[in-house]
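The values are calculated or read from the model by the stated rules, or taken from the named source; none is laboratory data. If you're wondering where the values come from, they're calculated on a predicted model, not measured in any experiment. Here the Cβ positions follow ideal geometry from the backbone for every residue, glycine too, while neighbour counts run over all protein chains shown. Heavy atoms of the whole protein, side chains included, go into the accessibility calculation; ligands, DNA and RNA do not. Shrake-Rupley method; radii C 1.70, N 1.55, O 1.52, S 1.80 Å.
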Amino acid sequence: DVFYERFEYGSLIRYAVEAKNYEKPLTKAYISTHIFPEYSVLLNNKEVDKVIIIAPLDVSPDTRQYIIGCGFMFMTLEQFRSYIMNFLTYLEGLCTGYREGGLDKYYMPLYYGENKSLKDRLLSWISEENSKPIAILAGYGMGKTSFSKHFACTLAENFLENNRGRIPIYIRLGEISDEQSLEGLLAKSLISSNAVQNYTFELFMELNRAGQFCILLDGFDEMKHAMTWDQFRHNVKELNRLVEKNSKVVLLGRPSAFISDSEQALILRGVRPLDEKEVRAFEWSIYDRIELNFFTREASIEFMEKYIRHLVTDSGIDCNMPLEDFVSKRIVEIEALDFSEIILRPVQAKMLAEIASEPSQQLESYSRYGLYKHFMDCIIEREMFKKSRRVFSSDTRRNFVRELAWWMWCDGGGSGLALSEIPRSLIDKFRDGKNVDR
C-alpha cells in the first residue's frame, strides 16, 4: 500500500507497508495466508529492507511473535505515527527535566475552583473530543512551571511504557524574543541536541491535526515582557496555529501579561470591544480559563515538610538529630510563628523552607518584614534568571518597585492597580533611556 525510503544511521532503508483498516485484530492465520506470501518475496529478492503491517487494533502476543519470526514489523496507527518521527530521546529528556533538582520528591498537586484537581481536569480534557484549548492563569510563584514539568513527565512516562497516548510537547515561551514564527519556535524546541529524530514542521503539524500531541506552552507572560502589543499579538497568533480540531493546547502564564481587559478578551476569548459590546474575532482561538488556587494551610505545611526533607538529604546537611525529628521540629516552629498567610503561595513556602533547612537559623528571629524583604530579594533574583527579564537590572527593578509601592500607599493604599493608573513620569524615570514600550 505504501513504499517509502529514509536514511537511518547513514544507510538508505526501503520500507513496504501493508495497511489493514479492520474492525477486529489481525490473526496469525490471516497474516500467514494473505500477507506473508506476497511480502516475503519482496524481502527475499532484496527489493525492500523492511515490511510493516499497520492496523487500528493491536494483535495478540502469539500473532506478534509470528510476525517477528517472519522478519516483519507490526504497529498500530498510533505506534506508526511515533515511529516515523522518533520522540524517544525527547520524552526521556522531559522525565529527566522533571526529576532535575528533586522536583519529583517535593511536588505538590495544584487545585482550582472548589478544590478541583488540575491534573485530573487535564487528563479528562485529553480524552474529550473537539474540546477548546485551555489557559491556566496564576500570579508569580504559584507552581505553573512545576505543574507543566510534572504533567509532561506523566504523559511521557505513559507513552514510553505503553507506546500510545498523547506525546507531551513542552515549550518555554520565555525563550521567544520579538516576533517569531511557529516554524522557528518548534525547530528550536524539538531538534536541538537531536532530541526529535526525523523532525519536519509539516509532519509535526499533520500529526498534531491527527491528535498525536498535548502541547504545553509555559510562560506567555515572559514572552510578553518588554514586547509591544503588536509583537505579542503576532506571537500568540502564531501559537494559535497549533489549535486544531483534534489538538490539545495548554497556555500557562500570569494574567498580569495583559494590561487591559480588551487585551485579555482578544487573546483568550477571541472577542473585540465595539461600542460597549463584544464582536467575535474568528481568527482567534477561544480558551477555557482555569485560575489556580493558593495552597491551603495544610498543603503548604505538607509541601514544606517534603522540601525540607529533600534539601537536608540532598545537601548532606548535619542537623544533629534524626531527619524526621528535625523536620517535625522545624514545622512546629513555623506553625508557632503564624506565618500562614505568607506561605499560601508555593514559591514563598519554598523560600521559608530553605531558611528552615539550615539548622543554625533561628526562625523566631525573623520578623514578617524580614521575611518579605528576603522574599523580594529572591523573587528579583529569580526573575533575572529569565532571559526576557534581563532588559532591566535587579537594582532598577528594586528601586521601581519601592517607588511604585510608596506611590500606591500615598494614593490610598490599594492592593492592586491597572498599568494605565501608574504615573507616566514614574515609568519613564526607570526606562533608563532604553527604547522599550512603556
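Here are a few things to note about the model shown:
- Contact map, region 198-227: first residue closer than 15 Å to residue 185 by Cα, second residue modelled with pLDDT of 90 or more and of a type in the set (Asp, Glu), Cβ cut-off under 6 Å, separation 6 or more or different chains; pairs are 201/183.
- For beta carbons closer than 9 Å, sequence separation of 6+ or different chains, a first residue in region 376-393 that is more than 25 Å from residue 349 (Cβ to Cβ) and a second that is of a type in the set (Ser, Thr, Tyr) and surrounded by 14 or more Cβ atoms within 10 Å (Cβ to Cβ), the qualifying pairs are 387/177; 388/177.
- Matching residues in region 283-342 - criterion: being over 24 Å from residue 110 (Cα atoms) and within 23 Å of the chain's Cα centre (by Cα): 284, 285
- Of all residues making up region 408-438, the number that are assigned to a loop (DSSP other than H, G, I, E, B), of a type outside the set (Ser, Thr, Tyr) and open to solvent by 80 Å² or more (accessible area, probe 1.4 Å): 5
- Filter result (part of a helix (DSSP H, G or I) and among the β-branched types (Val, Ile, Thr)) within region 298-337: 301, 308, 312, 313, 327, 331, 332, 334
- When region 1-55 is limited to residues that are of a type in the set (Ser, Thr, Tyr) and either surrounded by 14 or more Cβ atoms within 10 Å (Cβ to Cβ) or in contact (Cβ under 8 Å) with a residue 24 or more places away in the chain (or both), the one that is farthest from residue 70 (Cα to Cα) turns out to be 22.
- On the stretch given as region 344-358, residues that are part of a helix (DSSP H, G or I), over 15 Å from residue 108 (Cα atoms) and open to solvent by 20 Å² or more (accessible area, probe 1.4 Å) total 1.
- In region 126-149, the residue that is surrounded by the most Cβ atoms within 10 Å (Cβ to Cβ) out of those that are hydroxyl-bearing (Ser, Thr, Tyr) and in contact with a strand residue (DSSP E or B) (Cβ under 9 Å, 6 or more places away or on another chain) is 148.
- Residue count for region 395-416 under the criterion of being modelled with pLDDT under 85 and over 21 Å from residue 342 (Cα atoms): the result is 1.
- Residue within region 283-290 that is surrounded by fewer than 21 Cβ atoms within 10 Å (Cβ to Cβ), farther than 30 Å from residue 158 by Cβ and at pLDDT below 90 present: yes
- Count - residues of region 387-407 that are open to solvent by less than 50 Å² (accessible area, probe 1.4 Å) and either on the phi > 0 side of the Ramachandran plot or not in a helix (DSSP H, G or I) (or both): 2
- Every residue from region 187-210 that is open to solvent by less than 20 Å² (accessible area, probe 1.4 Å) and modelled with pLDDT of 90 or more: 204, 205, 207, 208
- Counted residues, region 124-144 - those being touching a Ser or Thr at 6+ places or on another chain (Cβ under 8 Å) and either at pLDDT below 95 or of a type in the set (A, V, I, L, M, F, W, C) (or both): 3
- Candidate set from region 133-162 (those that are more than 15 Å from the chain's Cα centre (by Cα) and aromatic (Phe, Trp, Tyr)); member that is farthest from residue 213 (Cα to Cα): 140
- Residues in region 359-379 that are of a type in the set (A, V, I, L, M), under 26 Å from the mean Cα position of the chain (by Cα) and buried (at least 17 other Cβ atoms within 10 Å of the Cβ): 1 in all.
- Among the numbered conditions (1) open to solvent by less than 30 Å² (accessible area, probe 1.4 Å); (2) small (Gly, Ala, Ser); (3) modelled with pLDDT of 90 or more, the only one that residue 316 does not meet is (1).
- Matching residues, region 213-228, being open to solvent by 30 Å² or more (accessible area, probe 1.4 Å) and out of contact with any helix residue (DSSP H, G or I) (no Cβ under 7 Å at 6 or more places or on another chain): 228
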